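See below for the structure under consideration.
The values are calculated or read from the model by the stated rules, or taken from the named source; none is laboratory data. Keep in mind it's a predicted model, so treat the numbers as computed, not measured. No Cβ is skipped: glycine too gets one built from the backbone with ideal geometry, and neighbour counts run over all protein chains shown.
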Amino acid sequence: MSVAEPAGVEPQASAVERKHESWTARVREAAVDALPPEKLLPDGQPTYVASWIYLFGVASIASLVVIIASGSILALKGPAWWHFTGVGHFFNSIHLWAVELFFFVMVVHLWGKYWVAAWRGGRVRVWITGAIIFLIAIPTALTGYVSQQNFDAQWISTQAKDALNSVGVGAFFNVTNFGQMYSWHVLLFPLAVVALVAGHVLLVRTHGVVPPFELQKRLELAGARAGDPSAGAGAGGRDGGGGGGA
Amino acid sequence: MIVLAAVFNLNHPAHTVDWHFIHLSVANVVVIGLMFVVFALAIALPFPGAERRRRALK
């Protein structure tokens, strides 16, 4: 049963006030303002994204998914399984080679973004989060190598301890301590990498994929200075499409 | 029991490339070289459908 509002009273006013008092409503509104659904899950990309070099970011994420999945199985089954059974060897190898692929494609992604100066257009946080992911991925891999429970792990940890002692962190990051290294490898570092990757992707969605340098305009300007209005023809098209924003 | 041999003989210390302070295993040099090759190909090779999309926008 509905109750009629008295004349002159705004029926929604109290509801709106309540909504803005709620931190969940404020967070939701800020999130939707920063990243509306059509930007969060776009159904198209600018024309310049149609290039192989733009695939290495998503290839890094695909490798990371395989790393997390295979690592979860290894964590469930334990060292005896990954050392002494055929299936264990298989998942151990999948985990290793997914890491190799992750670093391979992440480095190519880094080069691709460096040479288009991907921090342009307010994207500095995208660049910084990417750089931090790369730096955290290195000790994540190192703690994995020293957690293998074999002679290889012993060799790597005894070599690495000298480097870490020389920079003064060996006392609280002891690579010869399997329990400590395994905890870092299966919990703390992956948590940091996954959280930063999520933030990195959301920042890319917020700012759009960085466009290439405006080659067409620069060629046209150069042609105008040289008195050749046709200069630059044929170099266009790469900036078409928009959507990413500069 | 059938024991499969490795494709390469691994029963020796790694071969390395040494130049001044640079000291890299051949395996790592190969991987770094492959990264350069893949990077160059990713820029040089045309992406399927890219030209059609660009023409459609003109």
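Here's the yes/no breakdown for (1) surrounded by fewer than 18 Cβ atoms within 10 Å (Cβ to Cβ); (2) in contact with an Asp or Glu (Cβ under 9 Å, 6 or more places away or on another chain); (3) of a type in the set (A, V, I, L, M, F, W, C):
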| position | (1), (2), (3) |
| --- | --- |
| A:His89 | yes, no, no |
| A:Leu96 | yes, no, yes |
| A:Phe102 | no, no, yes |
| A:Val107 | no, no, yes |
| A:Tyr114 | yes, no, no |
| A:Gly122 | yes, no, no |
| A:Ile133 | no, no, yes |
| A:Leu164 | no, no, yes |
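Kindly list the number of the only condition in (1) modelled with pLDDT of 80 or more; (2) at the interface with chain A (Cβ under 10 Å from one of its Cβ atoms) that fails for B:Leu57.
Every condition holds for B:Leu57 apart from (1).
Can you tell me how many residues in segment A:19-76 are part of a loop (DSSP other than H, G, I, E, B) and surrounded by 14 or more Cβ atoms within 10 Å (Cβ to Cβ)?
Going through segment A:19-76 one residue at a time, the tally reaches 6.
Just checking, does segment A:149-165 include any residue being in a loop (DSSP other than H, G, I, E, B) and either closer than 23 Å to A:Ser72 by Cα or free of Cβ contacts under 8 Å to residues at least 12 places away in the same chain (or both)?
For segment A:149-165, residues in a loop (DSSP other than H, G, I, E, B) and either closer than 23 Å to A:Ser72 by Cα or free of Cβ contacts under 8 Å to residues at least 12 places away in the same chain (or both): present.
Among the residues of segment A:64-88, which ones are touching a Phe, Trp or Tyr at 6+ places or on another chain (Cβ under 6 Å) and over 17 Å from A:Phe103 (Cα atoms)?
Answer for segment A:64-88, where residues must be touching a Phe, Trp or Tyr at 6+ places or on another chain (Cβ under 6 Å) and over 17 Å from A:Phe103 (Cα atoms): A:Ile73, A:Leu74, A:Gly88.
Anything in segment B:14-50 that is closer than 16 Å to A:Tyr48 by Cβ and at the interface with chain A (Cβ under 8 Å from one of its Cβ atoms)? List them, or say none.
Those that are closer than 16 Å to A:Tyr48 by Cβ and at the interface with chain A (Cβ under 8 Å from one of its Cβ atoms): B:Ala42, B:Ile43, B:Leu45, B:Phe47, B:Gly49, B:Ala50.
Kindly establish whether A:Val169 is farther than 30 Å from A:Phe91 by Cβ, surrounded by fewer than 18 Cβ atoms within 10 Å (Cβ to Cβ) and modelled with pLDDT of 95 or more.
When the stated conditions are applied, A:Val169 does not pass them.
Please name all residue pairs, on different chains or six or more residues apart, with Cβ atoms under 9 Å, provided the first residue is in segment B:12-25 and is free of Cβ contacts under 8 Å to residues at least 60 places away in the same chain and the second residue is in a strand (DSSP E or B) and of a type in the set (Asp, Glu).
B:Leu24/B:Asp18
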